[in-house]
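The values are calculated or read from the model by the stated rules, or taken from the named source; none is laboratory data. Given the structure is predicted, the values throughout are model-derived calculations rather than measurements. When we count neighbours, we look across all protein chains shown, and the Cβ atoms used for this are built from the backbone with ideal geometry, even at glycine.
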Amino acid sequence: MKKFFTLFLIIQVFIFPAVVNAQPPVPLASPDSPTPSASNSLGRTATLNEGDPAPFAGTLLDSRATARMIAELQFNRQTCDLRVSEAVERRAAIMQLSIDQLQIRMDTNNQIFNRRLEIKDSQIQFMDRELNRSTIHPAWWIVGGIVIGAGIALGSFAAAGQFSQ
């Protein structure tokens with residue numbers, strides 16, 4: 001399987017080479033060409049008056065169109081920021097709800113555990129009291145048994161003696 005996969009990758013590399021397209025380089029301004037008023041990585045700008053030749057090929061926008069583009073850009077940025085903040089707030093609310101639910105579940109389980117612990121403690125205390133409760137000493141039970149047994153025997157003999165007379 002490894003050999004097949006390796007062979008497949010080698011075939012892919014040599015038969016289907018990657019095509020890379022680069023943007024054509026931007027020509028630098030020559031010293032004899034008119035200098036633009038501003039240049040940055042987003043493109044070049046130049047201020048023109050009516051009848052002036054354009055210092056470079058491109059799209060010419062009047063102030064109104066430029067203002068509209070800037071306004072749309074700001075509006076889109078604000079809309080995006082609002083959507084992102086709304087999504088973040090919604091996700092934070094969902095996470096807070098999950099946290100609150102887990103906290104309630106944990107509090108309930110702690111209350112149940114504490115109540116069971118109280119019940120078990122009260123059972124232990126009850127059983128301890130019952131175990132340590134002062135009872136009659138076993139010697140007294142023996143003495144009582146002998147006395148009651150002797151009394152029953154004497155009573156039986158006395159009753160038998162009266163029946164025989």
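Per-residue answers, yes or no, for (1) modelled with pLDDT under 95; (2) surrounded by 10 or more Cβ atoms within 10 Å (Cβ to Cβ); (3) assigned to a helix (DSSP H, G or I):
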{"position": "Phe5", "(1), (2), (3)": "yes, no, yes"}
{"position": "Leu28", "(1), (2), (3)": "yes, no, no"}
{"position": "Met95", "(1), (2), (3)": "no, yes, yes"}
{"position": "Asp107", "(1), (2), (3)": "no, yes, yes"}
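Restricting attention to region 120-141, and to residues there that are in a helix (DSSP H, G or I) and either touching a Ser or Thr at 6+ places or on another chain (Cβ under 8 Å) or exposed (fewer than 10 other Cβ atoms within 10 Å of the Cβ) (or both), which single residue is modelled with the lowest pLDDT?
Initially, region 120-141 is screened for residues in a helix (DSSP H, G or I), giving 120-132, 138-141.
Right, trim to either touching a Ser or Thr at 6+ places or on another chain (Cβ under 8 Å) or exposed (fewer than 10 other Cβ atoms within 10 Å of the Cβ) (or both) and you get 129-132, 138-139.
On the way: Arg129: 88, Glu130: 84, Leu131: 83, Asn132: 82, Pro138: 79, Ala139: 86.
Step by step, filter region 120-141, then rank; the result is Pro138.
Pairs, please: C-beta under 8 Å, at least 6 apart or cross-chain, first residue in a helix (DSSP H, G or I) and in region 70-82, second of a type in the set (S, T, N, Q) and surrounded by fewer than 10 Cβ atoms within 10 Å (Cβ to Cβ)?
That search, which allows pairs on different chains as well, returns nothing.
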